[in-house]
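The values are calculated or read from the model by the stated rules, or taken from the named source; none is laboratory data. These numbers were taken from a predicted model, which means no experiment stands behind them. Here the Cβ is made from the backbone with ideal geometry for all residues, glycine too, and neighbour counts use every protein chain on show. For accessibility, only protein heavy atoms count, side chains too; no ligands or nucleic acids. Shrake-Rupley method; radii C 1.70, N 1.55, O 1.52, S 1.80 Å.
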Amino acid sequence: MGKSRVDDANLHERAQALAASPAIDPALVADILRLLTSAPPALRKDLAGLIAKLERDAAAAALVAADERPAAPSPADILALARRGPAARAELPTLLRLLDNEDEELRSRAAEAIGAVAPGSAELLPRLLAALFHHPGPGPRANRYARAVASVGPTAAPELLRKLETGSPGERALAVTALCVLSLDSPQPAALPLLSRACEDQALGDARAHAVAALGALAGTSEAVLPRLAELLRDRDVRVGREAAVALARSGADGAALLLRACDKKTRPPALRKFGWLLDDPARTLPLLLLLLGDEGPALADEATRARIKHCVAQRSSAPPALLHRLVRDKDRETRLSLALNRAAPPEVLAALAKDKNEEIRRLVADHRALPAEVAATLAGDKSDDVKRTLAENPNAPAEVLESLLAQKLPKIRRLVARHRNTPLARLEALAADKEPLVRCAAAGNPKLPYALLERLCQDKALGLNEAVAMHPDVPLPVLEGLARHYDRSVRAAAALNPKLPATLLGELAQDKSVAVKRSLAENPSSSPALLQALASSGLDKVAEALVDHPRTPPAALAILAGREEVWARLGVLDHDNLPDDVLARLAGDADRKVRATASLRMDPRRPSWAEVEASWAEYGDTGE
C-alpha cells in the first residue's frame, strides 16, 4: 500500500513536469488515463486538471503552427497568376499543390491557372485529366478543368476520345466539353463519328451544345458535317440549335445557304426565332451577325429585330470592327448615330461618318475624343457652324484645326479657341488682348497663359477672374491659399483643382460642405490615396463619378465604390486599372446581369465559345430566349 502511494506521488510529479514540457510522453499519458479510474479522488482531480492543461497547450500550439503555415492563395491571387500567363511559371508548384486542396473552387481555379501559365505541358496531362474526371459533372468549375486539359494541346485528344466512347454519362459530358475547347485551336477529325453521336446523346445534357460546337470546327474536313449541322439546327434544345447556326454561318457560302433555306420553311427553327443571344458574345457569333446584318439579313429576321441588333452593336465598345464597318453605310439614321457615339469606333469608321449627310451625326463625330487629325481637318471645313463649334470644344482638336477655325471668323469660335489647351502660345497672347471681354475671360482661364499676363488681366475687376487665377499652374502659393479659403464656393472649387495645393489645404478642403469642392478634390491629380479613399466614403454621386475617372484612385476606394447600390458605379469601377482582383471576382457574381457580364469579360477576355455569359438583350426588352 505504501509503495502504491509512492508510485502515485512519483507519477504525479512526472505529470506536473509533463504539463510544463513542450514534449509529449505517450506512455506517461497512458498511465495518467489509467489512474483516472483507479487513483484516489484527490489525485484524480489533480490529474484531470493536468490533462486539461495539456489539451489547452496542444490546441494553442496547433493554432500557432497554423498561423506560421503560409495561407492558401485566394481565388483573386490565382486569377492574378493566370493573367500573367507563362511569365508566372515559377508559381507552378504552388498551383499543383492546390489541386489537392479540399476547396473545390480553389482546385478548379488552380487547374485553369495551370493551363494559362504552363500551356502545352504534356507531363501535366495525367493530373489535369484526373482533376477533370474527378469532378461530378458539367458546370462552371468543370469548364475550368476542361480549359486546363485543352491547354495541353492535341496530346490530350486520345484520352478524351476514349472517355467519350467508353465513359459514364458524366465522363462523356466532361470529355466533350474539353474537346470543344480543344477544337477551337486544334480540330480533331478522328473525333467526327463520336461527336456526331454525342450531339444526339440526351444523357450529356448541356454538353450536347459543346459537342455541336466541336463538330462545327470539323466542317472543312468532311462533307457530312454541314448536313448534320442543318439537322441539328432544328433540335428542340435551343442551345444546340444556336451552336449549329453559328457553325453553319462560319462555314462560308454553303453553310449560309443551309441557314437561309431553313428560314424559308413555314416552321422556323427554334434557335432562329429570336436573335438577342447573338449579342452575348459578338466575337464568337460574328459570322452569323454579319449574315444577319448583311443583304441576306431580311431572310433571317424582320426589320425591327435587325434594327435593334444594329443599334446595340453600333454603340458597343467591344463590338468587332468588322461589324462596325458593316454598319457605317447603313440606311438607318439611329444606327449611324449610335455608331458615332461608340468611343472605340475605328478611325476609318469615323472618317466615313464625318461625311455623313446627317448634321447631328457629323456633330457627334466632331465631339469624339479619339478623333484622328485628318478627320478633324475634314470637319473644320463642314458647312454647319454647329459642327465647327463642337470641333472647337473637342479637347483633342489639333492646333492646325483651331487656326483653321479662327480664320473662318465664326461667332463664339474665338472664345472656344482661347480656352483650348492646344491653342499655340502666340495666338493665346493675342486673344488675351481681344476687344471682346468674354474672349479675354476665356484666355484667362487657359492654364497655358503666362501668369504675368493673367495678373494684367486681373486689373479689370469687371472680368471676375478669381477662378482662373485659382486654377493657374503658376499662381503664387500665398494667393492660392487665400483663394482656397474664399467665401465663394466656386472659387474654392477652382482652387481645389490646382495640383499645387499643399496637402494640409487639401485635407482642409475635404471637410468643406460644398459638393463642388469635394468633386474638385476627387479630380485633383495631387490628391493622396488616403484622401481619395475618404472621398469615396462620402456617398456623393458627383464625387463617385470623378473617382471612377481618376487614374490614381486606390484599390481600397474602388472597393468602396463597387459596394454602392447604383449600377453605374459598379460598372464604372470595372473600367479602372487599379481594380483589385478580389473585387473583380465579387462583381462577377453581382445581382445585376450587365455588371456580371462586364466583370466576366474582364476576367477572361479569351473565353471559349461555350463560356456562360449573361444575356444583355434584356436591356432592350427581350430575354433572347
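Values computed for the structure shown
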read-out: Boolean, V238 is in contact (Cβ under 8 Å) with a residue 60 or more places away in the chain and on the phi < 0 side of the Ramachandran plot; value: yes
read-out: Among residues of region 368-382, those that are over 24 Å from P321 (Cα atoms), assigned to a loop (DSSP other than H, G, I, E, B) and open to solvent by less than 40 Å² (accessible area, probe 1.4 Å), counted; value: 1
read-out: Qualifying helices (runs of 4 or more DSSP H) (wholly inside region 483-549; at least 1 residues being within 21 Å of N466 (Cβ to Cβ)); value: 489-496, 503-509, 515-523
read-out: Unmet criterion (only one of (1) in a loop (DSSP other than H, G, I, E, B); (2) surrounded by fewer than 16 Cβ atoms within 10 Å (Cβ to Cβ); (3) within 40 Å of the chain's Cα centre (by Cα)) for T423; value: (2)
read-out: Selection count where residues are surrounded by 13 or more Cβ atoms within 10 Å (Cβ to Cβ) and not in a loop (DSSP other than H, G, I, E, B), scope region 294-321; value: 14
read-out: Residue within region 336-344 that is exposed (fewer than 15 other Cβ atoms within 10 Å of the Cβ) and in a helix (DSSP H, G or I) present; value: no
read-out: Unique match (being without any contact (Cβ under 8 Å) to a residue 24 or more places away in the chain and of a type in the set (K, R)) among K518, K513, K542; value: K513
read-out: Selection count where residues are within 13 Å of V313 (Cβ to Cβ), crowded, with 20+ Cβ neighbours inside 10 Å and of a type outside the set (A, V, I, L, M), scope region 256-280; value: 2
read-out: Index of the failed condition, A352 passing every other in (1) more than 30 Å from A217 (Cβ to Cβ); (2) open to solvent by 10 Å² or more (accessible area, probe 1.4 Å); (3) in contact with a helix residue (DSSP H, G or I) (Cβ under 8 Å, 6 or more places away or on another chain); (4) of a type in the set (A, V, I, L, M, F, W, C); value: (3)
read-out: Residue pairs meeting the criteria (Cβ under 7 Å; at least 6 apart or on separate chains; first of a type in the set (S, T, Y), in region 183-199; second open to solvent by less than 20 Å² (accessible area, probe 1.4 Å)); value: S183/A214; S186/G153; S196/L215
read-out: Test for D385: is it open to solvent by less than 70 Å² (accessible area, probe 1.4 Å) and either under 30 Å from R336 (Cα atoms) or in contact with a helix residue (DSSP H, G or I) (Cβ under 6 Å, 6 or more places away or on another chain) (or both); value: yes
read-out: Test: residue in region 358-367 that is surrounded by 15 or more Cβ atoms within 10 Å (Cβ to Cβ), closer than 22 Å to L293 by Cα and without any contact (Cβ under 8 Å) to a residue 24 or more places away in the chain; value: no
read-out: Filter result for the condition that a residue is of a type outside the set (G, A, S) and touching a residue at least 24 places away in the same chain (Cβ under 8 Å), over P424, P478; value: P424
